[in-house]
1. Which whole number in µm²/s is D for chain B by Stokes-Einstein, with the Kirkwood Rh taken over Cα pairs at 10 °C and 1.306 mPa s?
2. Using every pair of alpha-carbon atoms in segment B:1-64, split the distances into 5 Å bins beginning at 0 and state the percent of pairs per bin, rounded to integers.
3. In peptide A:36-47, what is the residue-averaged number of other protein chain Cβ atoms found within 10 Å of each Cβ?
4. Quick one: Cα centre-to-centre distance for segment B:1-70 and segment A:7-40, in angstrom?
5. Lysines near A:K3 by alpha-carbon distance under 16 Å, same-chain residues fewer than 8 away left out - which ones?
6. Quick one: work out the % antiparallel among DSSP beta bridges in the protein assembly as shown, nearest 5.
7. When the distances between all Cα atoms of chain A are binned every 5 Å from zero, what whole-number percent does each bin get?
Amino acid sequence: AQKITQTQPGMFVQEKEAVTLDCTYDTSDPSYGLFWYKQPSSGEMIFLIYQGSYDQQNATEGRYSLNFQKARKSANLVISASQLGDSAMYFCAMREGFAGANSKLTFGKGITLSVRP
Amino acid sequence: NAGVMQNPRHLVRRRGQEARLRCSPMKGHSHVYWYRQLPEEGLKFMVYLQKENIIDESGMPKERFSAEFPKEGPSILRIQQVVRGDSAAYFCASSPGLGFYEQYFGPGTRLTVT
C-alpha cells in the first residue's frame, strides 16, 4: 500500500483565496511526523510545515496550516490568501518512528498548484 | 550560515561513464540523506549516512550506486556506468542528528545521461 497518497489532479486557485491540498498516509507506527514541501519550477525543495503524531494542535506557519485528522490519517495543507508565488508542486512526506536513528522521508507524488491572477 | 550545497547543479554524462555528485551539509550537521526524483515523481529515499558510516542503504540500487560521507569533506554519491534510466534530479538533505525532525534540502543535481 502507498504510504503517502496525493491524488488531486492539478489544482487551480484564484489569487487571495484559500486552497486545501489533500494528503492521506498509512502507517502502523504510533510515532511519526508529517511534512509538506514546496518545489517551485526552479527545482529546490522548500520546507513549509511539520506535524508530529503526538502534537495536540494543528501546526501553523504563517499562511500555511496543517489540518491534521489522525483518525482519518489525513494531513491536508491549507494555504490562505494565495499569492502568485505559491504556484508550484507540493509534496506531502512522512517520517515513521521518532526523529532520531533513521529519519528518512517517504514522499507522495505531489500536487501541482497554479494561482490565477 | 550557508545552506546545504550540492555540486554540480547540472551534470551530463554519456552512457557508460561515471557520475559523482557532491553534497556539503549545513555547518554542524552530521547526518546526510540522498533522494532521487524521477520526472513527474516524488522524491525516493536512497541512502542515509553519518560521518564515516552508512546507516541505511535500503533505497540504493544493488549495483553501480555507492555513497560515502568521509570524516573530512563532502558526501559523495557515485554512479558507475550510467544508463539513461539514471537521468533524474538527485537531492541531498542534512540534519543535525538525533531528536531533530527537519531535513534541510540542497538545490539538487540534475543528471542527464545521453
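Rule-based calculations on the coordinates, nothing more; no lab input. Because the structure is predicted, anything quoted here is derived from the model rather than measured. All Cβ positions, even for glycine, are placed from backbone atoms using ideal geometry, and neighbour counts span all protein chains on display.
1. On the way: Rh = 14.0 Å.
After rounding, the answer is 113 µm²/s.
2. 4, 13, 18, 27, 23, 11, 4, 0
3. Details: counts 0, 4, 0, 7, 0, 0, 2, 7, 8, 13, 1, 5.
Taking all residues of A:36-47 together, the mean is 4.
4. 25 Å
5. A:K70, A:K73, A:K104, A:K109, B:K44
6. Details: 67 of 75 bridges.
If I count the DSSP bridges inside the protein assembly as shown, around 90 percent turn out antiparallel.
7. The calculated distribution, bin by bin, is 2, 12, 23, 25, 20, 11, 6, 2, 0.
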